[in-house]
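The values are calculated or read from the model by the stated rules, or taken from the named source; none is laboratory data. Only a predicted model underlies this, so the values are computations on that prediction, with no experimental measurement involved. Cβ sites come from the backbone with ideal geometry, for glycine too, and all protein chains shown count toward neighbours. For accessibility, only protein heavy atoms count, side chains too; no ligands or nucleic acids. Shrake-Rupley method; radii C 1.70, N 1.55, O 1.52, S 1.80 Å.
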Amino acid sequence: MSKKSSNYKGIYGEMIAILGEDTVKKIHENYKGQQVTFPMKLYSREYIEGYIEENKDKKNIKELSKDLGYSMKWIHNIMKNKK
């Protein structure tokens, strides 16, 4: 079967171009028929707290904010609440 993304319906064609056919077929097998909403934020709070703890002496708040996808104010509040 051709791996051409135009052979796939709707969003699957875009996903094939980004993720590859095998990955998209696995997603389809496991989640077909379900509506899936992806949260705007990727990381869990526990991961964020750990990342900040590990990198607070190596990076400034602006860099941490960019790495994690949160505002500098939010990162600052996390750091303040951990003390």
- Using only the alpha carbons, work out the radius of gyration and Dmax of the chain in angstrom. 18.8, 57
- In nm, to one decimal, how far is the D67 label point from the E14 one, both placed 7 Å along Cα→Cβ? 3.0
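Structure shown: which of K4/K32; K41/K66; K56/K80; K59/K80 lie over 18 Å apart, alpha-carbon to alpha-carbon? Walk me through the numbers on the way to the answer.
Numbers: K4/K32 20 Å; K41/K66 12 Å; K56/K80 12 Å; K59/K80 16 Å.
Exceeds cut-off: K4/K32.
Counting helices only, and only those DSSP H runs with n ≥ 4, report the 222 nm mean residue ellipticity of the chain as the sum of -39,500 (n - 2.57) divided by its residues, in deg cm²/dmol to the nearest 500. Mind showing how you got there, number by number?
Details: 5 runs with 50 residues, N = 83.
Theoretical 222 nm ellipticity from helices: -17500 deg cm²/dmol.
Could you provide, to the nearest whole Å², the per residue accessible area of region 1-79 with probe 1.4 Å?
Averaged over the residues of region 1-79, the accessible area is 83 Å².
May I ask you to order 24-31, 12-19 by the average number of other C-beta atoms within 10 Å around their residues, highest value first? Could you put the intermediate results ahead of the total?
Values: 24-31: 12.2, 12-19: 15.0.
By packing density, highest mean first, the sequence is 12-19, 24-31.
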